[in-house]
Amino acid sequence: MSITLQSTVGGFSPEFLRQLPALEKAMVAHGLEPSQFVISKDWATPAAAPFIGPFFYAYTVFVGDDSFTVTEPNDIRFLDYFYDRCISQDSQEDDAAPELAPRLRRPGLINRVFRWMTQPI
């Protein structure tokens, strides 16, 4: 069985849904049962303007009686976070696991604007 998905904001992106089977396969390989997980997607903040929509979403992951919430701007950023969390939990228990290469993230919009503004004219 697969992870149960719930959403109050129109569902998950097609790219997220395409990458979900790879996440589930990695979870099984690390001793986690995907059918025990429920991921819920909601607005993290009210929409700034009705035609723009919210800037961030709150993703709540339920596992049995436990849960945690993560705020991310889109489904893929959440998927990356969740994947890393599932893998790192297992690698902490197994000292023989190889180190994961750190992912290089592209600077966010605000950082790019600040860097652009600090450059000489």
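Being more than 14 Å from residue 86 (Cα to Cα), assigned to a strand (DSSP E or B) and modelled with pLDDT of 90 or more: is that true of residue 19 here? Steps first, please.
Numbers: more than 14 Å from residue 86 (Cα to Cα): yes; assigned to a strand (DSSP E or B): no; modelled with pLDDT of 90 or more: yes.
Judged against the criteria, residue 19 is not a match.
Report every pair of residues separated by at least 6 positions or lying on different chains whose Cβ atoms are under 7 Å apart, first residue within the stretch 1-18 and closer than 12 Å to residue 43 by Cα and surrounded by 12 or more Cβ atoms within 10 Å (Cβ to Cβ), second of a type in the set (Asp, Glu) and at pLDDT below 95. Going by the 7 Å Cβ cut-off, the qualifying pairs are 9/42. Among the residues making up the stretch 63-87, those that are under 20 Å from residue 10 (Cβ atoms) and either under 9 Å from the mean Cα position of the chain (by Cα) or touching a residue at least 12 places away in the same chain (Cβ under 8 Å) (or both) are 70, 71, 72, 73, 74, 75, 76, 77, 78, 79, 82. How about the stretch 19-44: which of its residues are closer than 14 Å to residue 62 by Cα and either exposed (fewer than 14 other Cβ atoms within 10 Å of the Cβ) or without any contact (Cβ under 8 Å) to a residue 24 or more places away in the chain (or both)? Result: 33, 35, 36. Of the listed requirements (1) modelled with pLDDT under 90; (2) buried (at least 16 other Cβ atoms within 10 Å of the Cβ), residue 52 misses just one: (2).
The values are calculated or read from the model by the stated rules, or taken from the named source; none is laboratory data. Computed from a prediction, not measured in an experiment: that's the story for all the values here. Please note: Cβ atoms are built from the backbone with ideal geometry, for glycine as well, and neighbour counts cover all protein chains shown.
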